[in-house]
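Asks: Take this structure, written in structure tokens, and hold onto it; I'll ask about it next.
The values are calculated or read from the model by the stated rules, or taken from the named source; none is laboratory data. Computed from a prediction, not measured in an experiment: that's the story for all the values here. Neighbour counts are summed over all protein chains in view; Cβ atoms, including those assigned to glycine, are modelled from backbone coordinates with ideal geometry.
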Amino acid sequence: MKRILKWSGIVLSVLLGIVLILMVIMNIRTTSRLNKTYDIQPETVVIPTGETAIARGEYLARLICVECHGGDLRGDEFVDEAGLVTIYAANLTPGRGGIAERSDEDLVMAIRHGLDPAGKPLIIMPAEIFIHWSEEDLGAVIAYLRTIPAVDNEQPEPQISVIGRTLVGLGLFGKPFPAEYINHDAPFNEMPSIGPNPEYGAYLARAVGCTLCHGDNLKGGIQPENAPPGEIPTSPDITQAGDLADWTEDDFSQLLRTGTTPNGHEIDVDHMPWDMYGRLSDDDMVALWLYLQSLPLTPE
């Protein structure tokens, strides 16, 4: 019995040692990723002043940015995994703690490249979506942010515990730094004619994140790179050859407006953010629908 207890203690000590070594390695790795500096030269983007462009910027900000930064864009606690990770969405208003002292180039770095002014990666900043925006849309959003009411709200720095850094290092939080895997050299997408047409729908599919979950050809069968493993189901095929084959345009709009499929199934908003897509304009929904209908039955 004493021998068994002795060997059990040795095995336990060895396992504990391995765990501690793994934690040290993962903490070093995560800290290195947080502190990595990317040598990116932000593009010079024309910031418009006209009412039409600013209205376009408001539409996009109210469609996407409010998801993380709050209704008035003051920022708020965004992720709170007790004892692991706490992340605060930035204040996007011109108030204290906001963007008043940020240059346009700083905002381009943050939105398009997922980097802070020093070139370090931002956590869970969906640059993998915004890298697909046209220069016109990026400029319009920045112009709008410069015009909104100032709200004073200084946010704390992200807090990641030792265990949290270990889990990040092991990939159990997915890929929280889009700056690591987006193509920073990608050119701006061309801005198509805005309206209910398939060309604009193709632009929207990338600019609002459809391709992030359903793939570049929207055939599905994948999970987004930024999602923790196994947290989100494999995405469906949303082309005319897939799950939407028998749907009508009204069925499609109903899903995006209410989260309910034609057969009455309610979509989990944590898996598919239909509440965000429900803020799309009627014309934009039509454009997306026309684009989906234009896709070939098999990948090209």
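Asks: Among the helices (runs of 4 or more DSSP H) contained in the range 84-191, which hold 1 or more residues that are farther than 27 Å from residue 216 by Cα and touching a Pro at 6+ places or on another chain (Cβ under 8 Å)?
Replies: 104-113, 135-145
Asks: So which residues in the range 184-203 are closer than 28 Å to residue 115 by Cα and surrounded by fewer than 20 Cβ atoms within 10 Å (Cβ to Cβ)?
Replies: Once the filter is applied, which keeps residues that are closer than 28 Å to residue 115 by Cα and surrounded by fewer than 20 Cβ atoms within 10 Å (Cβ to Cβ), the range 184-203 yields 184, 185, 186, 187, 188, 189, 190, 191, 192.
Asks: Looking only at the range 128-167, count every residue that is among the β-branched types (Val, Ile, Thr) and surrounded by 19 or more Cβ atoms within 10 Å (Cβ to Cβ) and tell me the total. Quick ask: steps written out before the conclusion?
Replies: So the first thing to find is which residues in the range 128-167 are among the β-branched types (Val, Ile, Thr), and the list is 129, 131, 141-142, 147-148, 151, 160, 162-163, 166.
Now drop any that are not surrounded by 19 or more Cβ atoms within 10 Å (Cβ to Cβ), which leaves 129, 131, 141-142, 148, 160, 166.
Summing the residues that are among the β-branched types (Val, Ile, Thr) and surrounded by 19 or more Cβ atoms within 10 Å (Cβ to Cβ) in the range 128-167 gives 7.
Asks: For the range 113-133, does any single residue satisfy the condition of being in the same structural domain as residue 167 (by TED's automatic domain parsing), at pLDDT 95 or above and touching a Cys at 6+ places or on another chain (Cβ under 8 Å)?
Replies: No, every residue in the range 113-133 fails to be in the same structural domain as residue 167 (by TED's automatic domain parsing), at pLDDT 95 or above and touching a Cys at 6+ places or on another chain (Cβ under 8 Å).
Asks: Further, regarding this structure: Is at least one residue of the range 235-255 touching a residue at least 60 places away in the same chain (Cβ under 8 Å) and surrounded by fewer than 18 Cβ atoms within 10 Å (Cβ to Cβ)? Outline the logic, then answer.
Replies: So the first thing to find is which residues in the range 235-255 are touching a residue at least 60 places away in the same chain (Cβ under 8 Å), and the list is none.
So far as the range 235-255 goes, no, none of its residues is touching a residue at least 60 places away in the same chain (Cβ under 8 Å) and surrounded by fewer than 18 Cβ atoms within 10 Å (Cβ to Cβ).
Asks: Out of all the residues in the range 23-63, which are among the hydrophobic types (A, V, I, L, M, F, W, C), in contact with a Gly (Cβ under 9 Å, 6 or more places away or on another chain) and within 27 Å of residue 164 (Cα to Cα)?
Replies: Going through the range 23-63, the residues among the hydrophobic types (A, V, I, L, M, F, W, C) turn out to be 23-26, 28, 34, 40, 45-47, 53-55, 60-61, 63.
Now drop any that are not in contact with a Gly (Cβ under 9 Å, 6 or more places away or on another chain), which leaves 23, 25-26, 28, 40, 45-47, 53.
Once the filter is applied, which keeps residues that are among the hydrophobic types (A, V, I, L, M, F, W, C), in contact with a Gly (Cβ under 9 Å, 6 or more places away or on another chain) and within 27 Å of residue 164 (Cα to Cα), the range 23-63 yields 23, 25, 26, 28.
Asks: Being crowded, with 22+ Cβ neighbours inside 10 Å and in contact (Cβ under 8 Å) with a residue 40 or more places away in the chain is the filter; apply it to the range 95-121 and report the residue that is nearest to residue 144 (Cα to Cα).
Replies: In this case the residue turns out to be 99.
Asks: Select, from 208, 269, 286, the only residue that is without any contact (Cβ under 8 Å) to a residue 12 or more places away in the chain, not acidic (Asp, Glu) and not assigned by TED's automatic domain parsing to the domain that holds residue 59.
Replies: The unique qualifying residue is 269.
Asks: Among the residues that make up the range 50-60, is at least one of them within 30 Å of residue 276 (Cβ to Cβ), more than 23 Å from the chain's Cα centre (by Cα), surrounded by fewer than 17 Cβ atoms within 10 Å (Cβ to Cβ) and not charged (D, E, K, R)?
Replies: yes
Asks: Give the residues of the range 168-180 that are surrounded by fewer than 19 Cβ atoms within 10 Å (Cβ to Cβ) and either within 25 Å of residue 91 (Cα to Cα) or out of contact with any helix residue (DSSP H, G or I) (no Cβ under 8 Å at 6 or more places or on another chain) (or both), sorted by residue number.
Replies: If we filter the range 168-180 for residues that are surrounded by fewer than 19 Cβ atoms within 10 Å (Cβ to Cβ), which is where we start, we get 170-172, 174-175, 180.
Residues satisfying the conditions are 171, 172, 174, 175, 180.
Asks: Assess whether residue 75 counts as being surrounded by 21 or more Cβ atoms within 10 Å (Cβ to Cβ) and either in a loop (DSSP other than H, G, I, E, B) or not charged (D, E, K, R) (or both).
Replies: Numbers: surrounded by 21 or more Cβ atoms within 10 Å (Cβ to Cβ): yes; either in a loop (DSSP other than H, G, I, E, B) or not charged (D, E, K, R) (or both): yes.
Yes, satisfied.
Asks: For a quick check of your reading of the model, give me the residue pairs whose first member lies in the range 170-195 and is within 10 Å of residue 128 (Cβ to Cβ), whose second is surrounded by 15 or more Cβ atoms within 10 Å (Cβ to Cβ) and polar (S, T, N, Q), with beta-carbon atoms closer than 8 Å and at least 6 apart or on different chains.
Replies: Filtered contacts from the range 170-195: 175/226; 178/226.
Asks: From the list 231, 225, pick out the single residue that is part of a loop (DSSP other than H, G, I, E, B), touching a residue at least 24 places away in the same chain (Cβ under 8 Å) and under 16 Å from residue 114 (Cα atoms).
Replies: Every option except 225 fails the conditions.
Asks: Tell me the residue from 251, 268, 275, 282 that is under 15 Å from residue 204 (Cα atoms) and of a type in the set (D, E, K, R), please.
Replies: Criteria check complete, one pass: 282.
Asks: Checking the structure you have, find out if any residue of the range 81-93 is without any contact (Cβ under 8 Å) to a residue 60 or more places away in the chain and either crowded, with 19+ Cβ neighbours inside 10 Å or not assigned by TED's automatic domain parsing to the domain that holds residue 174 (or both).
Replies: yes
Asks: Of the residues that make up the range 84-95, is at least one under 22 Å from the mean Cα position of the chain (by Cα), at pLDDT below 95, more than 21 Å from residue 128 (Cβ to Cβ) and hydrophobic (A, V, I, L, M, F, W, C)?
Replies: The answer is yes, given that some residue of the range 84-95 is under 22 Å from the mean Cα position of the chain (by Cα), at pLDDT below 95, more than 21 Å from residue 128 (Cβ to Cβ) and hydrophobic (A, V, I, L, M, F, W, C).
Asks: Do we have residue 238 as at pLDDT below 95, closer than 28 Å to residue 85 by Cβ and either in contact with a Leu (Cβ under 9 Å, 6 or more places away or on another chain) or not assigned by TED's automatic domain parsing to the domain that holds residue 116 (or both) here?
Replies: Working: at pLDDT below 95: yes; closer than 28 Å to residue 85 by Cβ: no; either in contact with a Leu (Cβ under 9 Å, 6 or more places away or on another chain) or not assigned by TED's automatic domain parsing to the domain that holds residue 116 (or both): yes.
Here the answer is no, as residue 238 does not meet what is asked.
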